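Reading through the structure tokens given below for one structure.
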Amino acid sequence: MNELLKWRSEFPILERTTYLISNSLGAMPRGVYANLKAYADSWAHRGVRAWEEGWWEMAVGVGDKVAPLIGASAGEISLHQNVTQTQAVITSCFDFRGPRNKVVMTDLEFPSIQYFYHEQRRFGARVELVPSGDPVRFDLDKFLAAIDETTLLVPISLVLFRSSFVVNAKAIVEKAHRAGARVILDVFQGTGTIPIDVRGLGVDFAVGGVLKWLCGGPGVAYLYVREDLRSKLKPALTGWIAHQRPFAFETGPIDQREDSFRYLNGTPHIPALFACQPGLEILNRVGIGAIREQSIAMTTRLVEGARARGWRVNTPENSAERAGTVSVDCPHAAEVCRELLSREILVDYRPKAGIRLSPHFYNTQDECDYALGQIEEILRTGAWAKHSSALAPA
Ligand SMILES: Cc1ncc(COP(=O)(O)O)c(C=O)c1O
């Protein structure tokens, strides 16, 4: 008996669906009901006093529940609304108008991040988008060669969102630091499914969100800044929460705090900070070691099952290079995905990836087999064809 399955009863949606989409939105823990009630109660009964009775501290305090999952310590994380905004906070610490103004990234990076950096060109950024020419991975040597003494920032995902390929972050950090550049490691698709050690890697920044593998729901993203940089950098995207004395309401320039509050700006997203905690607590209790072991067993079974049926798999075969998702590029994948959804098998489809199947610690081998069996049946019976005129989900 797989020990981790005892957690299934904490996730109501598992009773009704085959939930294989934790790469997109992790299942909601039932504890979220109580936490959102606690939020409403504190607002209803304590009113404005709730700020000093806990709310004010939450955008850093709740980060302590993310810290152990990425190898950081208490107090090292600030919480924001989404990952794109964490990139904005980080870039606001730098100036693209000098000779060191290059941003090196791959075309496999999550599109929102590519859009964000391309818009920074109006402030002087030069963006070198290293082409991958492959849906699964990019050429590491080519990427490293693009990092030079004019490079300012290297935003890179630890786990690529389409293929679940695990990037060699150590090599990138080493090259970037030799060149004097800063690395922003996006650990979104890795945290909660593979072991991560941001301190060991020596990354300058790490960012990610809680709504996927951490089962924390939308509205909370984390930003880790390396200890020795934390008080030196000065975010221009700032605000009164970052002030040493916010309630003095001093006018003029800001006197920023030296700790992680320095990276905050305006009023925090309190309801989301309440909602995210049950998922984080469960993930910490389950433990990444046990999750990774189960994840490898299930993703291996999916890769083998898809290959045995003759389907292309856009995910590394070697489990050491693969995180939690298997992208199955079967015929008519977009339409097959829609039919799976109508059968309560929750997965997604991405262009150049295929159907993404993402078992988590609460899934069973049987659910993986069932999903593959249903894809086979949908193709055999032609049930996919009724979706052929529908727009594929983006
Ligand atoms: C690797 C990665 N980075 C960033 C994002 C998006 O971040 P956000 O919507 O929080 O800005 C995603 C979302 O799927 C992602 O997979």
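Just a few scattered comments:
- All told, R162 falls short of being away from the ligand (no atom under 13 Å from the Cβ) and among the basic types (K, R).
- Unique match (being surrounded by 22 or more Cβ atoms within 10 Å (Cβ to Cβ), more than 16 Å from the ligand (Cβ to nearest atom) and among the aliphatic types (A, V, I, L, M)) among V32, V60, V66, V48: V60
- Applying a threshold of 6 Å to beta carbon distances and a minimum spacing of six or more residues, or different chains, the list of pairs starting in region 81-96 at a residue that is assigned by TED's automatic domain parsing to the domain that holds I184 and assigned to a loop (DSSP other than H, G, I, E, B) and ending at one that is more than 8 Å from the ligand (Cβ to nearest atom) and aromatic (F, W, Y) reads F96/F123.
- Region 336-383: number of residues that are touching an Asp or Glu at 6+ places or on another chain (Cβ under 8 Å), hydrophobic (A, V, I, L, M, F, W, C) and not in a helix (DSSP H, G or I): 2
- Set R356, R350, R338, R380: member being buried (at least 18 other Cβ atoms within 10 Å of the Cβ) and more than 22 Å from V136 (Cβ to Cβ): R338
- If the condition is being within 20 Å of the chain's Cα centre (by Cα) and assigned to a strand (DSSP E or B), then region 97-110 contributes V104, M105, T106.
- Test: residue in region 111-129 that is more than 29 Å from I270 (Cα to Cα), away from the ligand (no atom under 13 Å from the Cβ) and in a loop (DSSP other than H, G, I, E, B): yes
- Unique match (being under 28 Å from the mean Cα position of the chain (by Cα), of a type outside the set (D, E, K, R) and more than 16 Å from the ligand (Cβ to nearest atom)) among I13, I21: I13
- Inclusion of G219 among residues that are in contact with a helix residue (DSSP H, G or I) (Cβ under 9 Å, 6 or more places away or on another chain), over 22 Å from V154 (Cα atoms), at pLDDT 95 or above and surrounded by 15 or more Cβ atoms within 10 Å (Cβ to Cβ) is warranted.
Yes/no per residue for (1) β-branched (V, I, T); (2) more than 17 Å from the chain's Cα centre (by Cα):
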{"site": "A50", "(1), (2)": "no, yes"}
{"site": "G71", "(1), (2)": "no, no"}
{"site": "L79", "(1), (2)": "no, no"}
{"site": "T84", "(1), (2)": "yes, no"}
{"site": "F116", "(1), (2)": "no, no"}
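- When I77 is tested against the conditions (1) within 16 Å of the ligand (Cβ to nearest atom); (2) touching a helix residue (DSSP H, G or I) at 6+ places or on another chain (Cβ under 7 Å); (3) among the aliphatic types (A, V, I, L, M); (4) not assigned by TED's automatic domain parsing to the domain that holds S231, the lone failure is (4).
- Any hit, region 296-313, residues being surrounded by 24 or more Cβ atoms within 10 Å (Cβ to Cβ) and in a loop (DSSP other than H, G, I, E, B): no
- Any pair with Cβ under 6 angstrom, 6 or more apart, that starts in region 110-121 at a residue that is touching a residue at least 12 places away in the same chain (Cβ under 8 Å) and ends at one that is more than 10 Å from the ligand (Cβ to nearest atom) and outside any helix (DSSP H, G or I): Y117/V103; Y117/V127
- Yes/no for T299 being more than 16 Å from the ligand (Cβ to nearest atom) and either within 20 Å of R8 (Cβ to Cβ) or touching a Pro at 6+ places or on another chain (Cβ under 8 Å) (or both): yes
- Considering only residues in region 217-242 that are over 12 Å from I77 (Cβ atoms), outside any loop (DSSP other than H, G, I, E, B) and not charged (D, E, K, R), the one that is farthest from the chain's Cα centre (by Cα) turns out to be W240.
- Exactly one residue among K170, K175, K212 is in a loop (DSSP other than H, G, I, E, B) and either surrounded by fewer than 24 Cβ atoms within 10 Å (Cβ to Cβ) or within 16 Å of the ligand (Cβ to nearest atom) (or both), and that residue is K212.
The values are calculated or read from the model by the stated rules, or taken from the named source; none is laboratory data. Everything quoted here is computed from the prediction, not taken from an experiment. Positions of Cβ are backbone-derived with ideal geometry, glycine not excepted, and every protein chain shown enters the neighbour counts.
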